[in-house]
Amino acid sequence: MLQSKLFYKANKNKSAEADSVSHDLLTRAGYIDQLMAGVYTFLPLGFLVLKNIESIIRKNMEVIGGQEILMPVLHSKEIWQKTGRWDALNDILFKMKGNGEKEYVLAPTHEESLIPSAKKIIFSYRDLPFYVFHIQLKFRDELRTKSGILRTKEFIMKDLYSFHANQADLDKYYEVAAKAYEKIFKESGIGKITYRTLASGGSFSKYSDEFQMATEIGEDVIYICKKCGIAINKEIKAENPICPKCQGAEFEEKKAVEVGNIFKLGTKFSAPFNLKFTDKDAVDKSVIMGCYGIGLGRLMGAIVEASHDDKGIIWPKSVAPFLVHLIQVENNIKVAKACQKVYQDLQKENIKVLYDDRQKSPGEKFAESDLIGIPYRVVVSERTLKINSVEMKERSKSKIQLIKVKQILNFLKP
């Protein structure tokens, strides 16, 4: 991608309106643009990061048997009345009226829309278990939007839903899904500071699980057991100051932001829709369910909270919009031709590269490169070309290396 053609505008000045590091940096670096409180446009740079996060999530959902579907955002009032959530979630639902005074809701979650489809597929124990997921827009009328894309009214979420014949099967799959979540956060670059956290709120089990990333911007407080490493949230610690897993009593307190959650739903949603199956003994039983969510935008914001410095974002390679930021520091024919050659060679090897071909000073280009946060910066100048080399710098490190032009690909490839 030629930077001169990129649809963005960077701003070197810190935003007075931003209430978090990620909000400030993502806005100033041209990743997102705020339309109104809690509603954002993902500009090309931001959309590339979002798609990379989506790919990591999709891969790990497919590995554990998830089949991808796409469900509607517009739901009828009637299916939400079945579960009682038309009234119970009234404070956060976006409700509207259509033609003929028919009432609808913009979905904040999708249990109500999935189960009617499942009823047409599940009849026998032979139809179970199965697992479906989707990545879709959701809407919640948050009273207090906060921290840019960490808490919004419109957001993209991955939901996985599992359907089981018995509790033992759900329990087994629940742990498989938890391991997949740990892989997702590790591949996204925040695995070392993300903790599986016991929380209340499980419908048919004592606990649900949150995945909390430690960060000072976090609005949650978690307590990490010094003995076994599991975390519990504030509510659980108030109920029982002893670790539920190992009975340890010493904890480390940290602020954190939730980046994912998993629940054992039991029959909470299948029962209102009379979603049943016939078991081996010809007895009708309610289907048991689990659900597993990750907000993509929230995860993107959390990554920036975890990985930045005073100059800008430091993207992990797995989610970065480009792997290489190629910078041309002089506007003469020799340097331009060398840059074009490097640019084309990288593209031929399917290495994603942003080529700064603009007529700006080196200082401006370097400052903006740090702000944008692409993992590798490759600088081509008359000085480096005299020794058939380029300057190579990793965004996460201060050291600058001289690399022979012919060795660039070898340096970048794992």
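The values are calculated or read from the model by the stated rules, or taken from the named source; none is laboratory data. In this text, all values refer to a predicted model and were calculated from it rather than measured experimentally. So basically every Cβ, Gly included, is an ideal-geometry build from the backbone, and we count neighbours across all protein chains shown.
Looking at 311, 280, 337, just one residue is closer than 27 Å to residue 406 by Cβ, modelled with pLDDT of 95 or more and either in contact with a Phe, Trp or Tyr (Cβ under 7 Å, 6 or more places away or on another chain) or among the charged types (D, E, K, R) (or both), and that residue is 337.
No other residue among 248, 218 is within 21 Å of residue 191 (Cβ to Cβ), small (Gly, Ala, Ser) and in contact with a strand residue (DSSP E or B) (Cβ under 9 Å, 6 or more places away or on another chain) apart from 218.
Answer yes if at least one residue in region 344-353 is closer than 19 Å to residue 8 by Cα and either outside the structural domain of residue 32 (by TED's automatic domain parsing) or not in a helix (DSSP H, G or I) (or both), and no otherwise. Looking through region 344-353, at least one residue is closer than 19 Å to residue 8 by Cα and either outside the structural domain of residue 32 (by TED's automatic domain parsing) or not in a helix (DSSP H, G or I) (or both). Looking at region 353-369, which of the residues that are free of Cβ contacts under 8 Å to residues at least 60 places away in the same chain and of a type in the set (D, E, K, R) is farthest from residue 319 (Cα to Cα)? Step by step, filter region 353-369, then rank; the result is 360.
The residue that is surrounded by the fewest Cβ atoms within 10 Å (Cβ to Cβ), among those in region 396-414 that are among the basic types (Lys, Arg) and either touching a residue at least 24 places away in the same chain (Cβ under 8 Å) or assigned to a helix (DSSP H, G or I) (or both), is 413. Does region 362-380 include one or more residues that are over 19 Å from residue 8 (Cα atoms), more than 35 Å from the chain's Cα centre (by Cα) and either part of a helix (DSSP H, G or I) or aromatic (Phe, Trp, Tyr) (or both)? Looking for residues that are over 19 Å from residue 8 (Cα atoms), more than 35 Å from the chain's Cα centre (by Cα) and either part of a helix (DSSP H, G or I) or aromatic (Phe, Trp, Tyr) (or both), one finds none in region 362-380, hence no.
If you go through region 80-109 and keep only what is free of Cβ contacts under 8 Å to residues at least 12 places away in the same chain and either surrounded by fewer than 13 Cβ atoms within 10 Å (Cβ to Cβ) or not assigned by TED's automatic domain parsing to the domain that holds residue 159 (or both), you end up with 87, 88, 90, 96, 97, 98, 99, 100, 101. Cβ separations smaller than 9 Å between residues 6+ apart or across chains give the following pairs from region 1-21 residues that are farther than 20 Å from residue 321 by Cα to residues that are of a type in the set (Gly, Ala, Ser): 18/147; 18/148; 19/147; 19/148; 20/147; 20/148; 20/301. Where in region 210-287 are the strands (runs of 3 or more DSSP E), entirely inside, with at least 2 residues that are polar (S, T, N, Q)? Strands (runs of 3 or more DSSP E) meeting the threshold: none at all.
Suppose we keep only residues that are more than 15 Å from the chain's Cα centre (by Cα) and assigned to a helix (DSSP H, G or I) within region 116-152. Which one would you say is nearest to residue 262 (Cα to Cα)? Restricting to residues being more than 15 Å from the chain's Cα centre (by Cα) and assigned to a helix (DSSP H, G or I), the top hit is 118.
Do we have any residue at all in region 177-193 that's within 23 Å of residue 59 (Cβ to Cβ), hydroxyl-bearing (Ser, Thr, Tyr) and assigned to a helix (DSSP H, G or I)? Checked region 177-193: at least one residue is within 23 Å of residue 59 (Cβ to Cβ), hydroxyl-bearing (Ser, Thr, Tyr) and assigned to a helix (DSSP H, G or I). Within the option set 319, 324, 390, being at pLDDT 95 or above, in contact with a helix residue (DSSP H, G or I) (Cβ under 7 Å, 6 or more places away or on another chain) and within 24 Å of residue 18 (Cβ to Cβ) holds for one residue only, 319.
The C-beta contact set for region 206-224 (first residue within 16 Å of residue 177 (Cα to Cα) and small (Gly, Ala, Ser), second residue surrounded by fewer than 24 Cβ atoms within 10 Å (Cβ to Cβ) and modelled with pLDDT under 90, distance under 9 angstrom, 6+ apart or interchain) comprises 208/200; 208/201; 208/202. Within the option set 30, 65, being assigned by TED's automatic domain parsing to the domain that holds residue 115, in a loop (DSSP other than H, G, I, E, B) and within 30 Å of residue 133 (Cβ to Cβ) holds for one residue only, 65.
Residues that are part of a strand (DSSP E or B) and surrounded by 20 or more Cβ atoms within 10 Å (Cβ to Cβ) within region 33-52 comprise 40, 42, listed in sequence order. Identify all residues within region 379-395 that are of a type outside the set (A, V, I, L, M, F, W, C) and in contact (Cβ under 8 Å) with a residue 24 or more places away in the chain; write none if there are none. Across region 379-395, the qualifying residues are 381, 382, 395. For region 225-268, filtering for residues that are among the hydrophobic types (A, V, I, L, M, F, W, C) and in contact (Cβ under 8 Å) with a residue 40 or more places away in the chain leaves 6. Scanning region 20-27 for any residue that is at pLDDT 95 or above and surrounded by fewer than 19 Cβ atoms within 10 Å (Cβ to Cβ) turns up nothing.
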